[in-house]
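Undergrad: Handing you this structure, nothing more for now.
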Amino acid sequence: MNSSQLFGITTLSYLLSSAFYIGLLVFKNKKVGTIGLILAIFGVVVQTAALGMRWQESYTLGIGHAPLTNMYESLVFFSWCTTLFYIFLEFKYKARVVGAFVMPFAVAAMAYASFAKSISQQISPLIPALQSNWLIAHVITCFIGYGAFAVAGGLGMMYLIKKSAVTKGKQQDSLAASLPELKIIDDLIHKTIVFGFMWLSAGIITGAVWANEAWGTYWSWDPKETWSIITWFVYASTLHARFTRGWSGSRIAWLAIIGFISVFFTYFGVNFLLSGLHSYGSG
Amino acid sequence: MTKKKKNPVWAFFASVKLALFLLFVLAVTSIFGTIVQQNLSTEQYVQIYGPNLARLLHILNITDMYNSWWFLSLLCIFSVNLIVCSLERIPRVIQIVKKDNLTTASDRLRKMPIRKTLVLGQPLDQGVRKVAEFLAGKGWKTKQRQKDDGVLLFAQKGGWTRFGVYIVHSSILIILLGAIIGSSTFAQKILHKPDFAFKGSIMIPETQQTSYIWAFQTGKKIDLGFTLRCDFFTIEYYSNGMPKTYLSKVTVLEDGKPVPLKDGKTTHFLKVNKPLTYRGITFYQSSYQPYPDFIVTVTNTATGVSKTQIIPAAKQINWQEGGAEFGILNKESFGESVQRIKIWFTDRQGAPSTFWLNNAQEAIIKRPSAEYRMTVKQLYATGLQVTKDPGVLFVYTGCGMMLLGLFVAFFMSHRKIYAFIHEEDGQTKVLFAGSAHKNKVGFEKTFTGLVDGFREKIG
Ligand code: HEM
């Protein structure tokens with residue numbers, strides 16, 4: 001058994017988990033949701049083992065480093081963070097159907113990592129610039145933030161779906177009815193964004209420290225850095241709109257979605273559409 | 001304060017609407033600079049965008065937008081907004097934190113959302129003591145005051161956490177201040193002291209030294225105030241041929257003498273991600289340059305006479321003191337880096353020795369007259385980025401404060417507990433009430449736990 005096989009099992013269990021959560025949404029059968037949760041937990045445990053194994057394999061190859069250094073590894077880590085964060089949310093707030101809006105992100109990341117032609121799954125040695133503990137701290141903090149923002153984006157969509165059903169007077173629809181109360185979703189969106197903002201800030205800061213250690217410039221406005229600060233501005237506006245202008249509900253839900261689009265662009269768009277220092281992410 | 005509020009300029013900058021607008025504008029304009037590549041040459045812009053669009057980009061400063069007057073002005077307005085807005089609110093926060101909560105009327109307590117009344121089976125003064133002791137035991141040190149209708153106890157925690165927001169806001173200002181202090185443009189144009197803060201680079205060939213560097217933007221020479229020597233440069237590779245380490249061995253010299261650094265040694269190994277800072281100036285391994293020349297070291301093992309010299313290939317060197325002649329006949333390269341070198345060596349007795357030697361490896365040459373040790377290494381120059389940034393300390397302090405402030409603002413709260421002991425319907429009762437300015441759900445749990453604990457205690 002090697003790490004790629006375990007990652008394969010992970011992808012499969014996340015896929016099934018998503019299917020069961022969507023099933024829960026549609027059929028409102030609690031048992032279906034429990035299976036979804038069990039699959040998500042199983043997937044995350046296997047994935048944790050796989051991450052550890054990949055780490056160890058890198059040592060066997062004589063180039064030991066944490067599995068957080070290229071596009072493949074970051075996608076895997078993203079799906080791990082998202083799932084873990086979601087499971088935590090489910091246990092803490094018992095909002096089970098949220099899984100239908102979140103687990104698909106985890107599947108998408110795993111599937112894309114495994115099947116996209118442009119992404120190499122090789123464990124490759126680190127070029128000198130990447131040999132830094134700050135890099136590890138940077139990747140971990142950023143991706144915890146991204147995981148939370150993915151969840152917030154999913155919650156945002158959920159809010160809008162429920163809201164439109166309510167305004168059309170169709171809250172008896174099986175789909176809308178199985179979603180949590182609007183107020184609860186709204187509160188979860190806010191809590192999730194707050195958590196993500198904290199980690200995104202830490203991610204930007206550790207990235208700046210790393211850049212300063214490696215190149216003597218903590219900020220150089222390269223496209224990836226700029227997009228991360230754009231994302232940070234988006235979420236800062238969201239928080240202020242809520243705290244000081246009393247925004248809530250649909251507007252915040254939209255901002256959660258826009259914020260996640262910005263995250264997505266920071267993570268992918270920059271690598272594929274723009275050029276810059278973070279080119280390691282494209283291979 | 002009331003007078004200031006009437007000032008429309010002040011009111012404009014104190015507004016949170018302006019903050020939201022600025023955050024939005026900063027986010028949107030920042031996008032331009034990620035789409036249009038920054039700081040290319042005029043010809044390149046013309047090539048990509050055509051002459052008209054290229055001219056427009058230039059006029060709007062989008063070709064160097066993050067340093068443009070309008071972007072910097074936005075950041076300025078943003079800072080003023082942040083300062084004014086915070087100044088406007090801090091006095092109110094101080095009032096809230098300093099407020100005498102013992103003046104709270106019992107009617108208000110009866111309306112607070114988080115409250116609970118218990119019956120005390122004791123006379124009033126005994127009950128007061130009991131409640132105060134209990135709360136103190138749980139870490140809530142109470143103050144008390146006699147009222148017309150009973151005794152009010154009050155305790156609070158985390159009043160200071162209301163300042164968390166302002167820790168975050170000041171951290172942003174400190175980071176921006178650090179960015180200004182460390183900016184080379186600021187050092188040149190405002191302070192007129194280009195050596196206060198700069199970024200530049202220097203190439204130092206092995207065995208050579210430098211006491212200056214070249215500034216990036218202006219191309220001007222900047223004196224270091226000391227000397228840096230490159231003793232040695234090497235690249236290590238992984239087995240697949242990827243570079244593993246770029247390594248320079250350097251020595252700092254003052255008045256021609258090596259200076260011990262922090263670790264007590266006079267030599268330092270510079271690597272990517274392992275810079276060297278000396279007198280506020282930091283050296284980063286950033287590039288290298290191979291030369292067609294070689295550093296040759298030969299030693300006569302019998303006499304100990306030794307010589308190190310930089311020589312080009314295909315030149316015969318006469319080494320008088322060592323009694324020998326040598327030269328480089330040929331080399332094998334991988335790209336620009338030499339792997340093996342063919343050496344020619346004679347002590348003028350018998351046929352000359354010719355042999356292949358790996359780059360930087362030592363050879364022992366046995367000759368009729370004596371034995372010689374020899375290493376031949378391709379000459380490299382190490383390319384260092386050199387930075388003096390006195391603002392980094394501010395930036396890092398600001399970053400630390402920001403994380404701390406965010407944690408305080410998001411996850412901590414100002415919590416208050418009131419206990420009002422009074423007589424009602426011939427019984428002594430205690431009314432517990434509480435509030436938190438954030439995380440009300442969490443506080444409600446704490447409150448309920450506290451009241452339940454008290455109920456058990458009085459049985
Ligand atoms: C990107 C920059 C900014 C960041 C990261 C930031 C961060 C924060 C944070 C974390 C809070 C705390 C929210 C809470 O839990 O209560 C906050 C509140 C606030 N911020 Fe900012 N802020 C920024 C810019 C600004 C600016 C420019 C203004 C100028 C008007 C401003 C005005 C306020 C106000 C009025 C509050 C509410 C304070 C209160 O609770 O009374 N912020 N900000």
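No value in this document is a laboratory result; all are computed from the given coordinates. For clarity, every value in this text was computed on a predicted model and none was experimentally measured. Here the Cβ is made from the backbone with ideal geometry for all residues, glycine too, and neighbour counts use every protein chain on show.
Undergrad: Can you tell me the dipole magnitude for the protein assembly as shown around its Cα centre, using point charges on the Cβ only (Lys, Arg +1; Asp, Glu -1), in Debye to the nearest 20? Walk me through the intermediate numbers first.
TA: Numbers: 75 positive and 42 negative charges, 581 e Å.
So the magnitude is around 2780 debye.
Undergrad: Related question: With only Lys, Arg, Asp and Glu charged, each at its Cβ (+1 for the first two, -1 for the last two), find how big the charge dipole of segment B:34-182 is about the Cα centre; round to the nearest 20 debye. Don't skip to the end; give the middle numbers.
TA: Values: 19 positive and 9 negative charges, 245 e Å.
In debye, rounded to 20, segment B:34-182 gives about 1180.
Undergrad: Something else: Taking the Cα centre as origin and putting +1 on Lys and Arg beta-carbons and -1 on Asp and Glu beta-carbons, what dipole magnitude results for segment B:1-90, to the nearest 20 debye? Display every interim value, and only then the final one.
TA: Values: 7 positive and 3 negative charges, 147 e Å.
With only Lys, Arg, Asp and Glu charged at Cβ, the dipole is about 700 debye.
Undergrad: Of B:Lys143/B:Lys429; B:Lys274/B:Lys307; A:Lys163/A:Lys183; B:Lys193/B:Lys221; B:Lys189/B:Lys221, which pairs sit farther than 22 Å apart, going by alpha carbon to alpha carbon?
TA: Working: B:Lys143/B:Lys429 18 Å; B:Lys274/B:Lys307 32 Å; A:Lys163/A:Lys183 11 Å; B:Lys193/B:Lys221 13 Å; B:Lys189/B:Lys221 16 Å.
Violating the 22 Å limit, Cα to Cα: B:Lys274/B:Lys307.
Undergrad: Restricting the calculation to Cα positions, tell me the Rg (one decimal) and the Dmax (whole number) of segment B:155-241 in Å.
TA: 22.1, 71
Undergrad: Jot down the per residue volume, in cubic angstrom and as a whole number, of the convex hull over the alpha-carbon atoms of segment B:173-326.
TA: Values: hull volume 30.2 nm³, N = 154.
Spelled out: Cα convex hull of segment B:173-326, divided by residues, is 196 Å³.
Undergrad: Between B:Lys143 and B:Leu124, what length in nm is gained on full extension when 0.36 nm per residue of separation is reduced by their alpha carbon distance? Let's see the in-between values first.
TA: Values: separation 19, 0.36 × 19 = 6.84 nm, distance 1.63 nm.
Length gained, B:Lys143 through B:Leu124: 5.2 nm.
Undergrad: Subtracting the Cα-Cα distance from 0.36 nm times the residue separation, let me have the gained length for A:Lys183 to A:Lys168 in nm, one decimal. Can you show the working numbers first?
TA: Values: separation 15, 0.36 × 15 = 5.40 nm, distance 1.78 nm.
Length gained, A:Lys183 through A:Lys168: 3.6 nm.
Undergrad: Which three extents, in angstrom, do the Cα atoms of chain B have along their principal axes, listed largest first?
TA: 126, 64, 44
Undergrad: Go ahead and run the numbers for FRET between A:Ile38 and B:Asn330, Cβ-Cβ distance against an R0 of 60 Å, rounding to 0.05.
TA: According to the calculation, E is roughly 0.30.
Undergrad: Turning to a different aspect of this structure: For the protein assembly as shown, what is the Kirkwood estimate of the hydrodynamic radius, computed as the reciprocal of the mean inverse distance between distinct Cα atoms, to one decimal in Å?
TA: Values: mean 1/r = 0.0320 Å⁻¹.
For the protein assembly as shown, the Kirkwood estimate is 31.2 Å.
Undergrad: Okay, next question. Compute the distance in nm between two label points, each set 7 Å from the Cα along the Cα-to-Cβ direction, one at A:Lys30 and one at B:Thr117.
TA: Result: 3.8 nm between the two label points.
Undergrad: Also, I was wondering about something else. Grab the DSSP H runs of the protein assembly as shown that are 4 residues or longer, score each as -39,500 (n - 2.57), total them, divide by all residues and round the 222 nm result to the nearest 500 deg cm²/dmol.
TA: Numbers: 20 runs with 367 residues, N = 742.
The helix-only estimate for the protein assembly as shown comes to -17000 deg cm²/dmol at 222 nm.
Undergrad: For segment B:226-382, what's the relative contact order in percent, using C-alpha pairs closer than 8 Å and at least 6 residues apart? Kindly include the intermediate steps, with their values, before the conclusion.
TA: Working: 333 pairs, mean separation 28.3, N = 157.
Rounded, it is 18 percent for segment B:226-382.
Undergrad: Oh, and also: Can you put B:Val97, A:Val209, A:Val44 in order, fewest other beta carbons within 10 Å first?
TA: Values: B:Val97 15, A:Val209 19, A:Val44 23.
Neighbour counts put them in this order, fewest first: B:Val97, A:Val209, A:Val44.
Undergrad: Could you estimate the translational diffusion coefficient of segment A:1-119 from the Stokes-Einstein equation, with Rh from the Kirkwood formula over C-alpha pairs, at 25 °C and 0.890 mPa s, in whole µm²/s?
TA: Values: Rh = 14.5 Å.
Diffusion coefficient, whole number: 169 µm²/s.
Undergrad: Taking N as the number of residues in segment B:376-446, what is its Cα Rg relative to 2.2 N^0.38 Å?
TA: Details: Rg = 28.9 Å, N = 71, 2.2 N^0.38 = 11.1 Å.
Against the empirical 2.2 N^0.38 Å value, I get 2.60 for segment B:376-446.
Undergrad: Say each of B:Lys271 and B:Ile35 gets a label point 7 Å from the Cα, pointing the same way as Cα to Cβ; how far apart are those two points in nm?
TA: Between B:Lys271 and B:Ile35, the simple spin-label model gives 4.3 nm.
Undergrad: Let me ask something else. Hey, could you grab the Kirkwood Rh for segment A:144-266? Inverse mean 1/r over distinct alpha carbon pairs, Å, one decimal.
TA: On the way: mean 1/r = 0.0651 Å⁻¹.
After inverting the mean inverse Cα-Cα distance, the result is 15.4 Å.
Undergrad: To the nearest whole percent, what portion of all C-alpha pairs in segment B:303-382 is separated by more than 19 angstrom? Write down the numbers at each step before the final one.
TA: Working: 1083 of 3160 pairs.
The calculated P(r) of segment B:303-382 puts 34 percent of pairs beyond 19 Å.
Undergrad: Å³ per residue of the Cα convex hull, for chain A? Please report the intermediate quantities before stating the final value.
TA: On the way: hull volume 34.4 nm³, N = 283.
Taking only Cα atoms, chain A has a hull volume of 122 Å³ per residue.
Undergrad: For a Förster distance of 35 Å, can you work out the FRET efficiency between the beta-carbons of B:Gln349 and B:Gln208, rounded to the nearest 0.05?
TA: Values: r = 36 Å, r/R0 = 1.02.
With R0 = 35 Å, the Cβ-Cβ based efficiency is 0.45.
Undergrad: Identify which of A:Trp199, A:Trp215, A:Trp134 has the largest mean-square fluctuation in a Gaussian network model of chain A, with springs joining Cα atoms closer than 10 Å.
TA: Looking only at A:Trp199, A:Trp215, A:Trp134, the largest GNM fluctuation is found for A:Trp215.
Undergrad: Taking a temperature of 20 °C and a viscosity of 1.002 mPa s, what whole-number D in µm²/s does Stokes-Einstein yield for segment B:55-156 with Rh from Kirkwood over alpha carbon pairs?
TA: Values: Rh = 18.9 Å.
The diffusion coefficient I find is 113 µm²/s.
Undergrad: By how many nm would the segment from B:Gln316 to B:Glu456 lengthen if fully extended, with 0.36 nm per residue of separation less the alpha-carbon distance?
TA: Values: separation 140, 0.36 × 140 = 50.40 nm, distance 10.01 nm.
Full extension from B:Gln316 to B:Glu456 adds 40.4 nm.
Undergrad: Could you check the simple spin-label distance between B:Phe226 and B:Ile90, using points 7 Å along Cα→Cβ, in nm with one decimal?
TA: 3.9 nm
Undergrad: Can you give the FRET efficiency for B:Ser306 and B:Leu393, using 1/(1 + (r/R0)^6), R0 = 35 Å, r = Cβ-Cβ distance, to the nearest 0.05? Mind showing how you got there, number by number?
TA: Values: r = 46 Å, r/R0 = 1.31.
Given R0 = 35 Å and the Cβ-Cβ separation, E is 0.15.
Undergrad: Can you pull the percent of Cα pairs in segment B:8-92 with separation above 21 Å? Write out the running numbers ahead of the final one.
TA: Working: 1547 of 3570 pairs.
Result for the distance tail: 43 percent.
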